[in-house]
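Q: Sending over a structure as structure tokens; questions will come in a sec.
The values are calculated or read from the model by the stated rules, or taken from the named source; none is laboratory data. Since the model is a prediction, treat every value here as computed from it, not as a measurement. Don't worry about glycine lacking a Cβ; one is built from the backbone with ideal geometry, like all the others, and counts go over all protein chains shown.
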Amino acid sequence: MSTRVATSKQLALQRCIMPTCGATYDLGEVRTNCGECGSLLDIAYEWDRLPVPSHLREFEAKWTRRNDPLCRSGVWRFYELLPFAPPEKVVTIGEGQTPLMVSDGVGSFVGMKPGKLLLEYEGMNPSGSFKDNGMTAAFTHAHTIGAKRAACASTGNTSASLALYCSVSKLMQAVIFIGSGKISYGKLSQALDYGALTIQITGDFDDAMQRVREVSTRMGIYLVNSVNPFRLEGQKTIMLRVLESLDWQVPDWIVVPGGNLGNSSSFAKAFMELKELGLVDRVPRLAIINAKGADTLYELYENRGLRWNNGAPNTKITDGYYAELDAGHLRADTIASAIEINRPVNLDKCLRGLEFMNGVVREVNDQEILDAKAQVGASGLGCEPASAASVAGAKLLREQGVIAPDEQVVCILTGHQLKDPTATVAYHTSDQKEFDRVLGSRGVSRAAFANRAVQVDNDLDAIVRAIQLNS
Ligand code: F0G
């Protein structure tokens with residue numbers, strides 16, 4: 001495969017997602033929405049004039065050239081499907097070396113037949129979450145246009161990822177916005193350690209998101225939240241790696257937690273393009289799982305009937321819901337702090353994706369999330385609470401008969417187990433007070449799969465007895 005680059009506006013551009021608008025912008029423009037109608041943007045390619053492989057298997061040739069950083073990266077290995085920047089401008093830190101694992105332990109918890117439940121472990125990325133897939137792409141675009149500062153609002157993983165790319169490359173300063181008390185220690189420690197300028201505002205993620213948009217506009221700082229269409233180009237490759245691990249066969253279901261809805265939107269874009277290019281013959285179904293305390297998509301899609309509607313979603317439904325949230329002073333609240341978001345910025349793009357992938361949306365509560373997380377830890381590499389929403393959601397969809405036990409289901413584990421040790425230790429702790437303090441107020445009343453530490457005196461015989469008793 002040759003690598004022709006789509007840097008000129010003839011080969012790739014930014015395009016408004018709304019078919020009724022469709023305004024286009026050059027790749028060099030820094031935009032997070034359409035200047036005409038305010039909607040979200042896509043990166044669109046002139047595929048006919050680009051060197052696209054005739055079969056996905058052609059990407060396998062790159063495995064033999066792993067000394068080349070562009071082949072080593074699990075994102076840029078698929079360069080021909082996201083050719084928006086010249087190869088020499090790509091900033092990669094080896095992201096995307098992530099495994100897809102069959103887990104029969106988690107599968108039996110979910111209610112699947114052996115071999116049918118797979119976990120795509122995105123916690124294996126350099127900063128410990130799937131965000132690196134998108135960050136390498138947005139960061140590359142930022143570098144291409146000469147940005148010197150990059151900003152994001154974050155529940156912790158986007159900020160850890162941005163901070164890491166800045167600290168490794170030294171190309172930009174990271175400015176990150178976080179809500180007060182709304183970020184797990186693992187994630188905060190990353191941002192601080194990598195040297196990011198960390199602005200902690202009073203408020204939650206939704207407040208921080210609004211502020212970072214204002215600040216980046218006013219100060220000309222490059223914004224890397226998932227409203228940035230380049231981010232999603234990188235995240236498309238999670239689906240490419242899933243297919244790669246399945247020897248290019250398409251699974252029946254992709255199950256993913258929903259927060260700001262960038263990941264789900266990018267998955268759908270991946271399949272829209274693969275289908276258009278004739279590289280897949282069918283598309284999996286998409287299940288997006290909200291946490292109950294942050295369930296805007298579930299409420300709008302499943303209860304109030306909001307649909308993409310050929311690019312004309314009924315804005316009255318969304319506006320009405322947000323007005324209700326405001327009137328009731330309702331804030332997002334869940335143990336899955338990564339997805340504690342009430343106003344997902346990619347809502348419209350996600351609706352388009354749900355339609356294309358015949359999707360469903362479900363919500364799961366904190367108890368279900370933590371029980372699923374413990375199961376993932378016991379037999380599937382471990383993950384942070386938000387990631388376990390995918391497993392809890394798959395279980396619910398099995399119970400409802402939406403997913404059949406012999407379908408092939410891929411749950412995306414979006415973040416590493418060590419991202420939120422507080423939640424994990426509180427769930428497993430032998431100290432009831434600690435359990436109640438951290439989890440009780442969240443409506444988590446039992447730790448069905450707790451692995452409690454055994455308290456024992458510092459005495460050899462007592463220790464031996466304790467091991468014998470508990471083996
Ligand atoms: N899982 C994890 C571990 C996350 O960190 C996030 C989002 C999601 C799922 C949801 O993905 O937003 O694409 O729907 N975290 C963002 C952050 C909001 O700031 O790190 P999404």
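The rows are residues; the columns are (1) within 16 Å of the ligand (Cβ to nearest atom); (2) acidic (Asp, Glu); (3) modelled with pLDDT under 95.
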| residue | (1), (2), (3) |
| --- | --- |
| Tyr301 | yes, no, no |
| Gly305 | no, no, no |
| Asn309 | no, no, no |
| Pro313 | no, no, no |
| Tyr322 | no, no, no |
| Arg331 | yes, no, yes |
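Q: Follow-up question, since we're still on this one. Residues that are more than 16 Å from the ligand (Cβ to nearest atom) and either within 23 Å of the chain's Cα centre (by Cα) or touching a residue at least 12 places away in the same chain (Cβ under 8 Å) (or both): does segment 284-296 have at least one?
A: Within segment 284-296, one or more residues are more than 16 Å from the ligand (Cβ to nearest atom) and either within 23 Å of the chain's Cα centre (by Cα) or touching a residue at least 12 places away in the same chain (Cβ under 8 Å) (or both).
Q: Could I ask something else about it? Within segment 236-262, count every residue that is within 11 Å of the ligand (Cβ to nearest atom) and either under 17 Å from Glu60 (Cα atoms) or not assigned by TED's automatic domain parsing to the domain that holds Val410 (or both).
A: Number of matching residues: 1.
Q: Same structure again: Could you name every one of the helices (runs of 4 or more DSSP H) located completely within segment 301-387 that has at least 2 residues being crowded, with 20+ Cβ neighbours inside 10 Å?
A: It comes to 347-356, 366-379.
Q: Determine, yes or no, whether Ser216 is among the polar types (S, T, N, Q), touching a residue at least 60 places away in the same chain (Cβ under 8 Å) and either assigned to a helix (DSSP H, G or I) or closer than 20 Å to Arg343 by Cα (or both).
A: Values: among the polar types (S, T, N, Q): yes; touching a residue at least 60 places away in the same chain (Cβ under 8 Å): yes; either assigned to a helix (DSSP H, G or I) or closer than 20 Å to Arg343 by Cα (or both): yes.
So Ser216 fits the description; yes.
Q: Another one. Being closer than 14 Å to Ala138 by Cβ, within 15 Å of the ligand (Cβ to nearest atom) and of a type in the set (Gly, Ala, Ser) narrows it down to one residue among Ala163, Ala191, Ala196; which is it?
A: Result: Ala163 is the single residue among Ala163, Ala191, Ala196 that is closer than 14 Å to Ala138 by Cβ, within 15 Å of the ligand (Cβ to nearest atom) and of a type in the set (Gly, Ala, Ser).
Q: Could you tell me whether any residue of segment 171-179 is among the β-branched types (Val, Ile, Thr) and within 13 Å of the ligand (Cβ to nearest atom)?
A: Yes; the residues of segment 171-179 include at least one that is among the β-branched types (Val, Ile, Thr) and within 13 Å of the ligand (Cβ to nearest atom).
Q: Still on this model: Could you list all residues from segment 232-265 that are within 10 Å of the chain's Cα centre (by Cα) and of a type in the set (Val, Ile, Thr)?
A: Ile238, Val256
Q: Condition first: more than 16 Å from the ligand (Cβ to nearest atom), without any contact (Cβ under 8 Å) to a residue 12 or more places away in the chain and closer than 24 Å to Leu27 by Cβ. Can you find one or more residues in segment 123-144 that meet it?
A: no
Q: Take the residues in segment 145-154 that are in a strand (DSSP E or B) and within 15 Å of the ligand (Cβ to nearest atom); name whichever of them is farthest from Phe78 (Cα to Cα).
A: Among those residues, the one meeting the criterion is Ala153.
Q: Separate question: Can you say whether Asn157 is within 10 Å of the ligand (Cβ to nearest atom) and in contact with a Ser or Thr (Cβ under 7 Å, 6 or more places away or on another chain), as far as the supplied structure shows?
A: yes
Q: Return a yes/no flag: does segment 267-277 have any residue that is within 25 Å of Lys131 (Cα to Cα) and assigned to a loop (DSSP other than H, G, I, E, B).
A: Looking for residues that are within 25 Å of Lys131 (Cα to Cα) and assigned to a loop (DSSP other than H, G, I, E, B), one finds none in segment 267-277, hence no.
Q: With Gly115, Gly105 as the choices, which residue is surrounded by fewer than 24 Cβ atoms within 10 Å (Cβ to Cβ) and part of a helix (DSSP H, G or I)? First the steps, then the outcome.
A: Working: Gly115 fails: part of a helix (DSSP H, G or I).
Result of the check over Gly115, Gly105: Gly105.
Q: Okay, next question. If you go through segment 276-294 one residue at a time, how many are within 23 Å of Leu347 (Cβ to Cβ) and surrounded by fewer than 20 Cβ atoms within 10 Å (Cβ to Cβ)?
A: The number of residues fulfilling the criteria is 3.
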